[in-house]
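Participant: Please read through the structure below; I'll follow up with questions.
Just so it is clear, none of the values below were taken in a lab; they were calculated from the coordinates. Please read these numbers as outputs of a predicted model, since none were measured by experiment. Methodologically, a virtual Cβ is constructed for each residue, glycine included, from the backbone with ideal geometry; neighbour enumeration extends over all protein chains shown.
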Amino acid sequence: MQRLVLLATFFSTLFISSQSLAEYKKGDFIVRVGAAAVDPNDDSDNLYLNGTVLPDTRVYVDTGYSVSFTGTWLFADHWGLGLLAALPFKHDLDVRGLPDPDTGEPLGKVRLGDIKHLPPTLTLQWYPVCTESWVQPYIGVGINYTHFFSEHINRAAQNYFETVLGAESRARLKLDNSWGLAGEVGIDVALGRENRWLFNAAVWYLDIDTEADIHFHTGADDSSRIHVDVDIDPFVFSLGIGYHF
């Protein structure tokens with residue numbers, strides 16, 4: 001969060017002297033579309049198999065890419081409500097430390113599966129320049145809701161569950177949805193001193209913590225469960241264009 005504040009302060013100091021009629025004022029709307037990357041700052045606990053810890057195991061979440069959509073309503077000079085939406089992001093999942101079926105030694109990082117998610121985020125934004133400049137830095141804080149869906153187990157992971165853990169059914173992966181805090185810093189630059197079209201660059205930090213479970217049957221009346229707590233906590237980077245109404 002300190003880095004976000006420093007970036008916003010830097011942009012404010014750098015561009016505060018730029019004058020233009022492309023000002024932001026109470027009642028305005030700004031819509032933006034961009035290419036976005038969700039880059040996880042991930043960590044996880046050890047995996048648990050039926051309540052028994054698997055030492056030195058963890059899950060990794062790879063970077064996902066999609067298209068972002070953001071909008072801002074300026075309810076007062078210098079203050080706005082911002083909404084982040086996107087097309088679904090897809091992330092590959094890897095797991096490290098599972099025992100090798102031949103030697104029993106811990107395996108390196110191997111593919112577990114993949115997931116999709118949507119991260120709608122609502123923020124209160126502050127525009128320090130607002131009515132004086134055609135370059136508009138901003139900073140925001142708010143709340144994020146992340147919805148996970150289309151969880152999928154990789155074929156190699158399924159083979160592992162069948163060979164080593166006695167799975168007799170297709171393994172099912174489920175991630176809990178997440179609520180968390182969010183922070184953002186961004187900048188709008190008008191494409192011309194009186195132009196309502198603009199270039200946008202933005203960075204969000206999202207607090208995303210989830211619990212993941214894998215279930216599979218090991219017999220007619222028996223089943224197994226693998227459980228792990230995962231902190232995804234990504235930075236979201238976006239570059240795009242927008243329009244100021």
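Participant: List the longest stretch of the chain that has no exposed loop site; here a site is one of the trypsin sites (Lys or Arg not before Pro) assigned by DSSP to anything other than H, G, I, E or B, with at most 15 other Cβ within 10 Å.
Facilitator: On the way: sites that count: Lys25, Lys26, Lys109, Arg170, Arg193, Arg196.
In the chain, the maximal stretch lacking such sites is 27-108.
Participant: How large is ³J(HN,Hα) for each residue in segment 75-87, as worked out from phi by the Karplus curve 6.51 cos²θ - 1.76 cosθ + 1.60 (θ = phi - 60°), to whole Hz, x for Gly and Pro?
Facilitator: 7, 7, 4, 6, 10, x, 9, x, 10, 9, 9, 6, 6
Participant: Still on this structure, please answer the following. Under 5 Å between amide H atoms, partner at least 5 residues away or on a different chain: which partners does Thr57 have, H built in plane at 1.01 Å?
Facilitator: Result for Thr57 returns Leu47.
Participant: In whole Å, how far is the Cα centre of segment 186-245 from that of segment 96-151?
Facilitator: So the separation of the two Cα centres works out to 4 Å.
Participant: Using helices alone, what [θ] at 222 nm do you get for the chain, with -39,500 (n - 2.57) per DSSP H run of 4 or more residues, divided over all residues and rounded to the nearest 500? Spell out each step's value before the answer.
Facilitator: Details: 2 runs with 25 residues, N = 245.
Counting only the DSSP helices, I get -3000 deg cm²/dmol.
Participant: Out of residues 5 or more away from Asn177 or on other chains, whose amide H comes under 5 Å of its own, with H placed 1.01 Å from N in the peptide plane?
Facilitator: Phe148
Participant: Please turn the phi angles of segment 231-245 into ³J(HN,Hα) values with the Karplus equation 6.51 cos²θ - 1.76 cosθ + 1.60 (θ = phi - 60°), one per residue in order, whole Hz, x for glycine and proline.
Facilitator: 9, 8, 6, x, 8, 10, 10, 9, 10, x, 10, x, 9, 10, 8
Participant: Just grab the label-to-label distance for Trp197 and Thr103, each label 7 Å out from Cα along the Cβ direction, in nm (one decimal).
Facilitator: In this crude label model, Trp197 to Thr103 measures out at 5.9 nm.
Participant: What percent does the relative contact order of the chain come to when contacts are Cα pairs within less than 8 Å and at least six residues apart?
Facilitator: On the way: 700 pairs, mean separation 58.7, N = 245.
Relative contact order here is 24 percent.
Participant: Would you please give the residues with an amide H less than 5 Å from that of Leu112, counting only those at least 5 places away or on a separate chain, with H modeled from the backbone geometry?
Facilitator: Answer set, sorted by chain and number: Leu93, Asp94, Val95.
Participant: Further question: Mind listing the Cα extents of the chain along all three principal axes, in Å, largest one first?
Facilitator: 71, 28, 24
Participant: Moving on. Using only Cα atoms, tell me the angle between helix 2-15 and the longest principal axis of the chain; keep it within 0 to 90° and round to the nearest 10.
Facilitator: 30 degrees
Participant: For segment 197-205, just list the computed ³J(HN,Hα) in residue order, Karplus coefficients 6.51, -1.76 and 1.60, θ = phi - 60°, integers in Hz, with x standing in for Gly and Pro.
Facilitator: 6, 8, 9, 10, 10, 8, 9, 10, 10
Participant: Here is a follow-up. Report the gain in length on full extension from Arg155 to Asp222: 0.36 nm times residue separation, minus Cα-Cα distance, nm rounded to one decimal.
Facilitator: Here the answer is 21.9 nm.
Participant: Please state the relative contact order of segment 103-212 as a whole percent: Cα pairs under 8 Å, 6+ residues apart? List each step's numbers first, then the result.
Facilitator: Values: 203 pairs, mean separation 29.6, N = 110.
Rounded, it is 27 percent for segment 103-212.
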